[in-house]
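Peer 1: Attaching a single structure in structure tokens format; questions to follow.
Where a number appears in this text, it was derived from the coordinates with a stated rule and is not lab data. Since the model is a prediction, treat every value here as computed from it, not as a measurement. Backbone-built Cβ (ideal geometry, glycine too); neighbour counts: all protein chains shown.
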Amino acid sequence: MQNPSARFAPPSEKGYAKHSRGEILAEIMTATMIERMRESCQMAAECLVAVGSIIRPGITTNEIDRFVHNFIVDRSAYPAPLNYKGFPKSVCTSVNEVVCHGIPEDRELKDGDIVNVDVTTLYPAKGGYYGDTSVTFYVGKPSEEAIHLVEVTRECLEVGISVVKHGARVGDIGAAIQEVAEKAGCSVVRDYVGHGVGRVFHTDPQIPHYGRAGTGKRLEAGMVFTIEPMINLGHYATELLSDGWTAVTADRSLSAQFEHTILMTRDGAEVLTARPELVPNCEDVPWAKLHPRSCPAAFRS
Ligand code: MF3
Ligand code: CO
Ligand code: CO
């Protein structure tokens with residue numbers, strides 16, 4: 001597909017990296033910064049809800065790419081993946097054994113596939129903050145295996161969010177996620193981790209989705225980072241395809257992922273990318289095991 005966005009210059013990472021201490025660190029955000037961050041994150045969340053309504057067997061991942069691109073550009077924001085370190089499209093679409101960073105293409109999705117759509121907004125009009133969130137969609141009718149994997153992965157994100165508290169450590173998040181995944185017979189990808197996010201797409205701290213409780217950096221109120229577990233049905237090892245982006249499971253087993261951008265508050269976590277309504281073909285299916293933290297819309301009375 002022709003790059004629909006040649007007229008948009010890629011954002012310069014440098015321009016957004018000027019933190020008060022002059023280096024790229026985990027930033028403690030002020031109330032004003034958080035308000036701007038929330039606007040970018042909400043746009044990304046609304047985009048995922050909209051994507052859900054177009055997911056069906058026969059759609060191509062390029063059509064999803066064009067939809068996400070237009071959704072974000074129509075709101076005067078920038079789809080952050082486009083031209084990021086040379087990534088050629090506006091969104092990542094990771095199908096079945098693809099772990100992450102799948103490149104949209106003209107192949108049609110088929111009944112029974114699962115596809116993660118990872119949306120990242122950059123909102124220059126609101127201070128230039130990034131919002132990063134993804135879900136795994138069911139395309140048509142999934143297998144029992146696919147349901148197991150996707151619902152376990154959804155729970156992994158929820159449990160990761162639940163341990164985020166002032167004074168907790170980064171390792172607490174990974175330990176909680178790993179326990180849920182491995183008890184369910186699945187594995188946690190090591191090669192890709194969550195990350196600090198703000199006026200820089202990827203910054204400190206790194207958030208592994210495996211590890212030991214009581215280890216790693218302490219979490220402080222005002223920090224903003226993603227939790228984005230990638231969970232495999234088979235072994236956790238990944239392989240990078242020759243396009244330099246697409247990460248697949250080494251054993252070609254199914255892989256799923258969910259991602260939220262999280263703000264640390266004094267009492268716990270605020271999910272900045274929480275969605276205003278259920279995501280079609282993901283959260284509205286009868287077998288979805290929804291949780292209050294990552295899916296507040298389902299629990300609102
Ligand atoms: N959104 C991804 C993440 O969660 C990063 C995508 S980078 C890209 O960190 F270049 F592949 F788009
Ligand atoms: Co991310
Ligand atoms: Co992402």
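Peer 1: Summing -39500 (n - 2.57) over the DSSP H runs of n ≥ 4 in the chain and dividing by its residue number, what mean residue ellipticity at 222 nm do you reach, to the nearest 500 deg cm²/dmol?
Peer 2: Using -39500 (n - 2.57) per qualifying helix, the result is -7500 deg cm²/dmol.
Peer 1: Continuing with the same structure: Put +1 on the Cβ of every Lys and Arg and -1 on every Asp and Glu Cβ in the chain; which of Thr60, Val117, Met43 then has its Cα farthest towards the positive end of the dipole?
Peer 2: Result: Met43, furthest along the dipole toward the positive end.
Peer 1: Starting with the fewest neighbours, write out Ile54, Ile227 ranked by other beta-carbon atoms found within 10 Å of each beta-carbon.
Peer 2: By the 10 Å Cβ count, ascending: Ile54, Ile227.
Peer 1: How much of the pair distance distribution for the range 204-292 lies past 17 Å, counting alpha-carbon pairs only, in percent?
Peer 2: Of all Cα-Cα pairs in the range 204-292, 66 percent lie more than 17 Å apart.
Peer 1: Mean Kyte-Doolittle hydropathy of -1.0 or higher plus an axial Cα length of 30 Å or more: which whole DSSP H helices in the chain meet both?
Peer 2: 31-52
Peer 1: Say a paramagnetic label sat at a point 7 Å from the Cα of Thr30, along Cα to Cβ; which residues of the range 257-271 have their backbone N under 20 Å from it?
Peer 2: 263-266
Peer 1: A follow-up question, please. Hey, which of these cross-link pairs are over 29 Å Cα-Cα: Lys110/Lys165; Lys165/Lys289; Lys85/Lys165; Lys85/Lys126; Lys89/Lys183; Lys85/Lys141?
Peer 2: Flagged as over cut-off: Lys110/Lys165; Lys85/Lys165; Lys89/Lys183; Lys85/Lys141.
Peer 1: For the chain, give the share of DSSP beta bridges that are antiparallel, in percent and rounded to the nearest 5; count only bridges with both residues there.
Peer 2: Of those bridges, close to 100 percent are antiparallel.
Peer 1: Restricting to Cα pairs below 8 Å that are 6+ residues apart, what does the relative contact order work out to for the range 246-301? Please round to a whole percent.
Peer 2: 25
Peer 1: Under the definition of Cα pairs under 8 Å and six or more residues apart, what whole-number percent is the relative contact order of the chain?
Peer 2: 21
Peer 1: When Lys and Arg each count +1 and Asp and Glu each count -1, what net charge do the other residues less than 14 Å away from Val152, Cβ to Cβ, add up to?
Peer 2: Once positives and negatives cancel, what remains is -4.
Peer 1: For labels at Glu182 and Glu108 in the simple 7 Å Cα→Cβ model, what's the distance in nm?
Peer 2: Going from the Glu182 label point to the Glu108 one covers 4.3 nm.
Peer 1: Counting other beta carbons within 10 Å of each Cβ, put Asp132, Asp172 in order, fewest first.
Peer 2: Fewest to most other Cβ atoms nearby, the residues stand as Asp172, Asp132.
Peer 1: Something else now. Using square roots of five times the C-alpha gyration tensor eigenvalues, list the equivalent-ellipsoid semi-axes of the chain in whole Å, biggest first.
Peer 2: 26, 24, 18
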